[in-house]
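Taking it in order: structure first as structure tokens, then the write-up.
The values are calculated or read from the model by the stated rules, or taken from the named source; none is laboratory data. For clarity, every value in this text was computed on a predicted model and none was experimentally measured. Note that we place each Cβ from the backbone using ideal geometry, even for glycine, and neighbour counts take in every protein chain shown.
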Amino acid sequence: MNIKTILASTMMAAALLTATGCAVSRGQETVGAYVDDAGITTLVKARMAESKAVSATSISVETLNGVVMLSGFAKSTTEKDTAEGIARGVKNVKSVRNEIAVRP
């Protein structure tokens, strides 16, 4: 029974170290920052999916330390600007880099 406890503890420690390593490799200081960024990305994608003015499948969203980067393709400048507005409207977004290309 003691060996099972030690094995379980060792596996949990390895999992925590691995998760922390992922956050640090992305340039974030803590696992909490990584979770916050994932939440921001999810909210931006969800709001784009709800919007009829934006094709959520054509636009990629990435977040790092509260900075949202949009990339992909839009059918018009209006769609590009709408996507940026949606991203800016999400709580905890520090800034938005809009790299969406307009392609008719």
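Before moving on, here are some points about what is shown:
- Residue in region 59-77 that is part of a helix (DSSP H, G or I) and in contact with a helix residue (DSSP H, G or I) (Cβ under 6 Å, 6 or more places away or on another chain) present: no
- The requirement of being among the small types (Gly, Ala, Ser), at pLDDT 95 or above and part of a helix (DSSP H, G or I) is satisfied by Gly85.
- Positions within region 88-104 being touching a strand residue (DSSP E or B) at 6+ places or on another chain (Cβ under 6 Å), under 21 Å from Asp36 (Cα atoms) and outside any strand (DSSP E or B), in sequence order: Arg88, Val93, Lys94
- Condition check for Ile3: at pLDDT 80 or above and of a type in the set (A, V, I, L, M): no
- Restricting region 86-104 to residues that are within 19 Å of the chain's Cα centre (by Cα) and loosely packed, with under 15 Cβ neighbours inside 10 Å, the residue that is nearest to Ser60 (Cα to Cα): Glu99
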